[in-house]
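Since every read-out is calculated from the coordinates, none of them should be taken as a lab result. Computed from a prediction, not measured in an experiment: that's the story for all the values here. We place every Cβ from the backbone using ideal geometry, glycine too, and count neighbours over all the protein chains shown.
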Amino acid sequence: MKIAAGAAVAMAVALPALPAAADTPDERPDVPVGTWLAARTQPAVQLTSFTYTGTVAVPTSTINQTAFNRLVEQATATVASGKISSDERSIAKWLFQQIAADVDTYLASTTPERTVEAEVGGLCTGWWVTPDGYMVTGAHCVQVGETELSQLFAQQALAKFNKQDAKEIISGLQGLEADEEIVKLAQQIYVTFNTNHMQLRNLKQSLSVVQSLPGGGVDKTAKPVPAELVSVGESYPGKDFALLKVNGQQNLPTVPLGDDSDVRTGDTLYISGFPGLVTNTPFFSLESKLEPALTEGPYNAKRTTQTGVPYIQTQAPSYHGNSGGPVFSKDGKVIGMLIAGTVSENGEASESESFVLPVGIIKEKLGEKNIKPAQTTTTIRYNEALNDFFRHYYSDSLPKFREVQALFPNHPYVAKYISDAQQAISAGKDESPKPILRWVLIGAGVLVAAVIVAVLAKVLRGRGRRRRHSEPSFVQPPPGAVSPPSWRQLPAGQVPPPAQEAYGQAAHGQAAHGQAAHGQAAHGQAAHGQAAHGQAAHGQAAHGQAAHGQAAHGQAAHGQAAHGQAAYGQAAYGQGADGYGPVVYNAGGYGAAPYGSAPDHAGPQYGSAPEHANPQYGRGPYGYPAPPHGQAQPPSGEQTRAVRYGQFTPPPNDRAS
C-alpha cells in the first residue's frame, strides 16, 4: 500500500492543475466585487418610463366684485388701525394675500373654457427576470394616484395660463409697478384657482422600456419599446411591486434571484439603477445617462410596516429614479428591490436610509402569475466571457462574446467588450493558456500514469508468485478417509478463502452504509485513486483494472465529474443557490426642469417632496410615512420622513418617432 500511496502522490505532482479558464462560470476573478457584479448585471437593468397624455381644460376666471368690495373695506379699516402701511404697495400685497388664501370667495369661473394638450411622465428602473421579456419594477413606477396626477398636469399644462391671469390682475393696480413679491402672490392666486377648476379629458397611459438597437451599445440609438402591465401591487409602504411584459423578446440577459436568508445585518448590499440626478442633468450625454449606476452600503436592519410588509434598511445610496432597481448580494443574486428612501425637511434625499422590498415578496408576486425566473445561454456565456476577460484571457473570451452577440444582437455592452479584447490582444496583453501546452501537459500526465500502473502491476505479480511457491498444495486423503466438503476442495497451490474479511477488502454487502473498507470504496464509490487488491466485489475495481483517473459506473474519477456531480475541487456547471420613485418629466426634453414655477403645495419639484401628497411619496409629518387616505396621521416632530422617491422631468422635444 505504500507503493500505491506513493503513486498517488506522484500522479498529483505529474498532473498540474488545468488553467483557471476551466473554473466554474460563477467563480469570481481577482477583481473588486463591485466591478465584477456591475459587469454581470448591468445588461439586465433597463431604464423604464410611464407617460400620461390628455386634454387639460380650465375656465376663465373673473373677480367676484361684491366680495372684492368687502375686502377693500377691510383693507381700509386695517390701514386705519395701523396694522398695515398706508402706501399702495403694502395695501396691494395685503389684498393679494387675502385673495390667495381663499380664491373661490373672490374669483368665479366664466367662459370661454381654455384647453391644452399635455403630457406628463416619469422614469424608473426595471430588470429582466425571464429571457422572453418579463420585467420587474416598482408599483409606483407604473401608476400614479388621481390627486398626484392632477398636480402633475397642473404643473405641466397650466403654467402659461397662470402667468397670463396674473398679468391681468396686476394690471388692475392702476399704474402701481409690481415688484417680485407682488408677481409671485398674483401667480399663486391663479395656480390655486386653475388647479382647483382644471379638468382632465381623454386620459391615456403608456409604459415603455428603453432598449438599444441591433448592433449593441448604450447610445442615442436607444428607443422606447412598449410594455404591457401584467400585475401591480400596492405602492409603498405596501408590497410595491409591478410586473411588465415586453413582447417579441428572446435570449434577453437576466439576473438570478437569491433568497431572503442570503443576507443579514452587516452584509454589503449593491443597488443598481438610474438616479434622477444623472438622467435629469443636461450636462451628461444621453449615452452615459443610459448606463446604470452601482452603489453599495451595509445592510442596517430589517423593518416591518404597520400592515406587516417587510423592508430592508440599508445605507447603500439611492436617489430619485432608482425606484424598481435590483439590489444584489456580493454573490450577484437579487435579494430585493429598491423602493423608497428618506428625505430631509428641504426635500433632499438622505443617503443613510434606503428601503428595499425583500426578494421573498418578489418571488411571491411572480408565483401568483406563474412566472419562473430563468437564464439562457446569453447570460451564461456572457458571464463566462467576462471571467475570461477579467483574467486577461482575451483570446478565450472573444468566441464567447461573439456567441452572445449572435444570440442577442441588441446586447448593450458586448460589442464594447469585443473591441476591448481585440485591442488587448493586438497590444500583446493576452494571457490565455495555449492549447498546445495544455495537451502536452495532459499527455505527459497520462504517460506518467501508464508507467506507474505498469510498475505497480509488475511488483504485485512478483509478490503473487512468491506467495504461491511458499504455500503447500492440497493432498488427497488416503483411501477410506472422508473427503472434505466440496467447498474445501481447491486446486493445488491455491489459498482457501479466509474466514473473515481481509485487511483492505470489503465483501459485497459487508461495508457499512456510506463507508468504505481501508483502501476500497463501498458499493457505488471509488477509493481515492486506488483499486481493491485482488478481485473486486460488486461495484469495485480489481487491482490493475481501474487506471488512476477512471471510475466505475456511478463513480467520480479524481479530477473528473460524474453525470450531475461536481469534479474534485470544482463546482458543478451552472449550479448555485438559487425607489424612491420615478424621475418624472415634463415637456422640454429629458433633463429639463419642470415647466414654470410651482407652489409649495402644487406638486413635487426635483429633489423635494410636497408637504401634503399621498403616503407613497412620503408626504406627511416628518419622521413618519404618511398613512393611506382616510387614516390618521402619526405625531410629528422629526426632521426627516420616509418617501417613495419621485422626480419629474420633461419629455424630450426631439423624441424619435
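Structural remarks
- At R0 = 41 Å, FRET efficiency that the Cβ-Cβ distance of Ala444 and Ala374 yields, to 0.05: 0.45
- Separation of the Leu460 and Ala67 label points, Cα + 7 Å toward Cβ, nm: 10.7 nm
- Hz values of 3J(HN,Hα) by residue in region 237-253 - Karplus curve (6.51, -1.76, 1.60), Gly and Pro given as x: x, x, 7, 6, 9, 9, 10, 10, 9, 9, 6, x, 9, 7, 6, 5, x
- Set of lysines with alpha-carbon distance to Lys167 below 25 Å, sequence-local pairs under 8 removed: Lys93, Lys184
- Rounded to the nearest 20 debye, the dipole magnitude of region 93-190 is 120 debye, with +1 charges on Lys and Arg beta carbons, -1 on Asp and Glu beta carbons, and the Cα centre as origin.
- Comparing Ser432, Ala415, Thr379 along the charge dipole axis of region 368-437, the residue lying farthest to the positive side is Thr379, per the Cβ-charge model.
- Each Cα pair under 8 Å and six or more residues apart adds its separation to the average, and for region 87-225 the resulting relative contact order is 27 percent.
- Packing-based order for 228-239, 272-283, using average beta carbon neighbours within 10 Å, highest first: 272-283, 228-239
- Unit charges at the beta carbon, dipole of region 151-217: most positive-side option, Gln188, Leu173, Gln151: Gln151
- Debye-sum result for region 167-312 in log10 I(q)/I(0), which assumes one identical scatterer on each alpha carbon, at q = 0.09, 0.10, 0.11, 0.14 Å⁻¹: -0.60, -0.71, -0.82, -1.05
- For region 144-214, the Cβ-based charge dipole about the Cα centre amounts to some 420 debye (Lys, Arg positive; Asp, Glu negative; other atoms uncharged).
- Its alpha carbons give region 223-301 an Rg and a Dmax of 16.3, 42 Å.
- Among Pro59, Thr76, Val33 - extreme Cα towards positive end, dipole of region 23-114, charges at beta-carbon: Thr76
- Checking the Cα-Cα distances for Lys245/Lys416; Lys289/Lys369; Lys239/Lys372; Lys245/Lys369; Lys223/Lys369; Lys372/Lys400 against a 21 Å cut-off, the pairs over it are Lys245/Lys416; Lys289/Lys369; Lys223/Lys369; Lys372/Lys400.
- Positive minus negative residues near Tyr134 (Lys, Arg vs Asp, Glu; Cβ under 11 Å): +1
- Estimated FRET transfer efficiency (Val451, Ser261; beta-carbon r; R0 60 Å; 0.05): 0.75
- Set of region 295-313 residues, backbone N closer than 19 Å to the point 7 Å along the Cα-Cβ line of Glu234: 303-312
- Cut-off under 5 Å, modelled amide H: who pairs with Ala227 long-range: Leu207, Ser208, Val209
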